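**Q** Provided herewith is a single structure, encoded as structure tokens, for subsequent inquiry.
The values are calculated or read from the model by the stated rules, or taken from the named source; none is laboratory data. Given the structure is predicted, the values throughout are model-derived calculations rather than measurements. In this analysis, Cβ positions are derived from the backbone assuming ideal geometry, glycine residues included, and neighbour counts consider all displayed protein chains.
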Ligand code: 13P
Ligand code: SF4
């Protein structure tokens, strides 16, 4: 058998021996998505990854995704061992929102409820009143707005703008961006739509406003999956990480999924829409961390306790 199949078998065996379960994000390599599902784990969005890791009985969690996902798992299960294939797998939103500067921003707006996206460090989460992922951000802010609360949002500016437009909430926003979704281009998307007039357009709200404006459905990774399954159309243009195409195609064999364009000036980039940090997750590293115990996520316990408050609030809100 090929090296790939041997590695998969080895991982299956290690998961059993080490009382471990694997949780993968939709953006990682298809092998890691399939393996998680085949072995009783989960492939999903960041919200459901957090919930599954918290509720599963296994003593070790292997989180294939990016660092904030491993940290969230550890914060929710401090007594479990949380392993990641590569601890350097980060996120531009997390990197672009250092806790000292973000805290100063919060201090400058003491009258605002601090709502923070999951794609942040444990320290930034500890400074927040609420945590949200893209699948519940709109509902949480809508509920807070209905209570008359003013919002301080961070770090993704496009998602923040989208929520403000949708809810009418009074929001000030940190100006971070996702390096993947920020690259989708409206002009090129319109041209592609002209070539595929029957196609429906599915967009993740970390994309720029002019791209979101062209969407038939806007939402998190899970919302995009649901929309693709429910819509009658046979063809879809997808503005999110190309890792999503695996699940979209497997679940919808009769439908066609086309990548949304990512470069301006007519020079369409075919491979830009893949997160370089998600791409750091590989089979060999999963096997290695299970074998050696390397790649263990550590979160300071006192910090974890504070960061857990807004995470628990989100999980209760979405239960
Ligand atoms: P989801 O919360 O939709 O899984 O997205 C996480 C992410 O990193 C999006 O780029
Ligand atoms: Fe972060 Fe964007 Fe990568 Fe998601 S796709 S982990 S938001 S850089």
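**Q** Of all the residues that make up region 229-244, how many are without any contact (Cβ under 8 Å) to a residue 40 or more places away in the chain and over 29 Å from residue 116 (Cβ atoms)?
**A** 8
Yes/no matrix, rows are residues, columns are (1) farther than 19 Å from residue 32 by Cα; (2) more than 15 Å from ligand 1 (Cβ to nearest atom):
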position: 53; (1), (2): no, no
position: 77; (1), (2): yes, yes
position: 85; (1), (2): no, yes
position: 94; (1), (2): yes, no
position: 109; (1), (2): yes, yes
position: 113; (1), (2): yes, yes
position: 132; (1), (2): yes, no
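**Q** Scan (1) crowded, with 23+ Cβ neighbours inside 10 Å; (2) modelled with pLDDT of 95 or more for the single condition residue 134 breaks and write down its number.
**A** (2)
**Q** Residues of region 119-145 being in contact (Cβ under 8 Å) with a residue 60 or more places away in the chain, out of contact with any strand residue (DSSP E or B) (no Cβ under 8 Å at 6 or more places or on another chain) and part of a helix (DSSP H, G or I), which ones?
**A** Scanning region 119-145 gives 122, 123, 126, 139, 143.
**Q** Considering only region 164-207, state which residues are within 14 Å of ligand 1 (Cβ to nearest atom) and either surrounded by fewer than 24 Cβ atoms within 10 Å (Cβ to Cβ) or within 20 Å of residue 120 (Cβ to Cβ) (or both). Steps first, please.
**A** Residues of region 164-207 within 14 Å of ligand 1 (Cβ to nearest atom): 176-184, 202-207.
Scanning region 164-207 gives 176, 177, 178, 179, 180, 181, 182, 183, 204, 205, 206, 207.
**Q** Can you find a residue in region 265-278 that is touching a residue at least 12 places away in the same chain (Cβ under 8 Å), under 19 Å from the mean Cα position of the chain (by Cα), over 19 Å from residue 121 (Cα atoms) and buried (at least 21 other Cβ atoms within 10 Å of the Cβ)?
**A** Yes.
**Q** Filter region 99-116 for residues that are more than 23 Å from residue 136 (Cβ to Cβ), in a loop (DSSP other than H, G, I, E, B) and in contact (Cβ under 8 Å) with a residue 24 or more places away in the chain and give the result.
**A** The answer is 111, and nothing else.
**Q** For region 11-33, which residues satisfy the criterion of being under 14 Å from residue 292 (Cα atoms), touching a helix residue (DSSP H, G or I) at 6+ places or on another chain (Cβ under 6 Å) and outside any helix (DSSP H, G or I)?
**A** 18, the sole residue that qualifies.
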